[in-house]
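So the structure is just underneath, and the comments pick up after that.
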Amino acid sequence: MKREIVLLPGDGIGQEIMESAKSVLNTVAANFGHQFIFHEHAIGGTAIDQYQTPLPETTIKACKGSDAVLLGAVGGEKWDSLPGDQRPEKGLLGIRKALDLFANLRPIKGFAPLLHASPLKQEIIEGSDILIIRELTGGLYFGEPKSRVENGNAAVDTLYYSRQEMERIIDKSFQTAQKRRKKLTSVDKANVLESSRLWREIVEEKSKSYPDVEVNHLLVDAAAMKLITQPNQFDVIVTENLFGDILSDEASVLTGSLGMLPSASIRTDGVGLYEPVHGSAPDIAGLGIANPLGMILSTALMLRQSFDMQEEADEIEKAVQETLDQGYHTPDLSIKDGIKVGTKEMTDTVIGNLSSNSVSNCICNSYA
Ligand code: NAD
Ligand code: IPM
Ligand code: MN
């Protein structure tokens with residue numbers, strides 16, 4: 001199968017982990033007889049430096065014409081003093097909006113060898129398998145007005161959601177819960193926010209169309225607490241943009257590191273943008289020690305969701321599992337024993353495990 005993939009490495013460790021994604025995909029392509037054609041484009045601070053904008057038109061056009069997009073991360077101190085609408089982060093928000101990627105899926109599932117890498121007690125996190133579905137193109141991130149007012153002595157951001165924007169993400173969440181353990185937790189702040197009260201009403205209305213899904217509502221402050229005290233109570237969590245951003249970084253603690261989490265940003269057709277949940281990690285950029293697994297697992301999500309390549313995605317996830325089982329880990333995972341390696345060695349080990357999986361497949365096939 002031939003697929004055109006736009007690569008947006010971005011800034012900081014984004015550049016380093018994109019190399020890992022490319023190597024993994026090249027190996028999968030060779031093993032399965034696919035052709036993945038990469039088109040690299042600028043976004044974020046790197047784009048500001050080259051084109052004086054965080055999201056050049058050429059990048060938007062390339063993404064719109066591609067089969068899927070992979071993104072590393074954007075942002076860094078160098079661009080922190082720029083006005084809000086010119087910052088690297090604006091490039092990421094802009095591409096999500098331009099592609100109408102309203103549903104951000106953030107799976108949080110621990111790997112057994114990393115259970116003790118979490119600061120949480122093992123018995124608390126054991127068995128947890130959560131999918132956070134974050135609304136990605138509305139809410140406080142995009143509502144207007146958004147500006148300084150009163151001669152710069154006050155500031156306003158606007159939390160706006162239309163019924164249609166709420167309905168599509170809530171429908172998506174019910175449908176996703178139907179394919180999992182059929183439990184949906186809707187997280188809001190309905191005791192204070194009008195937008196949350198409309199959100200809750202719509203969840204109740206929609207639940208009538210999905211009678212097989214058990215729904216409950218949680219206020220976001222309580223949800224933040226329960227996420228790390230009773231994580232295995234959750235299956236699918238659906239929430240608005242900002243709450244989803246914060247809760248997913250918190251939930252990453254269950255897995256041992258923010259560097260472990262992949263994500264898929266999708267709409268109703270197969271087009272999607274895939275990126276790790278973490279940022280550009282300026283504190284470790286250039287040191288060659290970034291954890292590439294969130295990025296590598298994002299490539300698996302891409303193969304699964306955008307290309308319907310289930311076997312290929314399984315192979316990547318199995319190779320990551322094997323790598324961790326063998327004791328390999330990057331320094332962000334605070335594990336005493338095991339084999340501490342950098343980004344490249346971690347990636348090469350995953351690739352080694354990939355190849356051996358596929359080689360064994362080939363041998364099986366030739367004797368079949
Ligand atoms: P961050 O996610 O970049 O880093 C938080 C902490 O986690 C840091 O200590 C970092 O070293 C560590 N970390 C993150 N990813 C890691 C990995 N793969 N391997 C090892 N350690 C990892 O968040 P931040 O420091 O708050 O933000 C830095 C910049 O990134 C900011 O400019 C921010 O706007 C941007 N950001 C971008 C994205 C994105 O592009 N999707 C997401 C979050 C933050
Ligand atoms: C994320 C990031 C972004 C967000 C920033 C960099 C705009 O934190 O992808 O989680 O808030 O959505
Ligand atoms: Mn975030």
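Observations on the structure shown:
- Ranking LYS206, LYS340, LYS97 by solvent-accessible area of protein heavy atoms (1.4 Å probe, all protein chains present), from largest to smallest, gives LYS340, LYS97, LYS206.
- Karplus-derived 3J(HN,Hα) values for the stretch 210-217, using 6.51 cos²θ - 1.76 cosθ + 1.60 with θ = phi - 60°, are 10, x, 7, 9, 7, 10, 9, 10 Hz; glycine and proline are entered as x.
- Set LYS2/LYS90; LYS64/LYS109; LYS64/LYS90; LYS146/LYS189; LYS22/LYS318 screened for pairs whose C-alpha atoms are more than 28 Å apart: LYS2/LYS90; LYS64/LYS109
- Dipole check for the chain: with +1 at the C-beta of Lys and Arg, -1 at the C-beta of Asp and Glu, and the Cα centre as origin, the magnitude is about 480 Debye.
- Over the chain, dividing the summed -39,500 (n - 2.57) contributions of all DSSP H runs of at least 4 residues by the number of residues returns a 222 nm mean residue ellipticity of -13500 deg cm²/dmol.
- Summing charges over all other residues whose Cβ lies under 13 Å from the Cβ of PHE38, with Lys and Arg as +1 and Asp and Glu as -1, gives -1.
- Tail fraction, Cα-Cα pairs, the stretch 1-141, threshold 23 Å, whole percent: 49 percent
- Modelled this way, with points 7 Å down the Cα-to-C-beta line, the labels at GLN52 and HIS34 are 4.0 nm from one another.
- Pairwise centroid distance, computed over Cα atoms, of the stretch 179-243 with the stretch 303-357, Å: 32 Å
- Counting Cα-Cα pairs of the chain in 10 Å increments starting at 0 gives whole-percent bin shares of 5, 23, 33, 27, 10, 2, 0, 0.
- At q = 0.18 Å⁻¹, base-10 log of I(q)/I(0) for the stretch 17-62 (Debye sum, equal scatterers on each alpha carbon): -0.65
- Per-pair calculated FRET efficiency, R0 = 30 Å: LYS78 and ASP269 via Cβ, rounded to 0.05: 0.25
- Counted charge near VAL341, where neighbours are those whose Cβ lies closer than 13 Å (Asp, Glu -1; Lys, Arg +1): -1
- Modelled FRET efficiency - R0 35 Å, ASP171 with ASP85, Cβ distances, 0.05 increments: 0.65
- Packing order of peptides 102-108, 53-59, highest average first: 102-108, 53-59 (average count of other Cβ atoms within 10 Å over each peptide's residues).
- Contour excess over end-to-end distance, with Cα ends at ALA222 and ASP348 and 0.36 nm allotted per residue: 41.2 nm
- Among ALA47, ASN31, LEU8 - extreme Cα towards positive end, dipole of the stretch 3-84, charges at beta-carbon: ASN31
- Computed extension gain for LEU242 through ARG163, at 0.36 nm per residue and net of the alpha carbon distance, reaches 26.7 nm.
- Dmax and Rg, reported as Rg then Dmax, of the stretch 145-265 (C-alpha, Å): 16.0, 54
- Protein accessible area in the stretch 115-226, 1.4 Å probe - carbon and sulfur %: 51 percent
- Qualifying chymotrypsin sites (Phe, Trp or Tyr not before Pro) for the stretch 161-209 [loop in DSSP, other Cβ within 10 Å: at most 13]: none
The values are calculated or read from the model by the stated rules, or taken from the named source; none is laboratory data. Values in this document were obtained by computation on a predicted structure and should not be read as measured data. Here Cβ is always computed from backbone atoms with ideal geometry, including for glycine, and neighbour counts include all displayed protein chains. Each accessible area value is taken on the protein alone, full model and side chains, heavy atoms only, with ligands, DNA and RNA left out. Shrake-Rupley method; radii C 1.70, N 1.55, O 1.52, S 1.80 Å.
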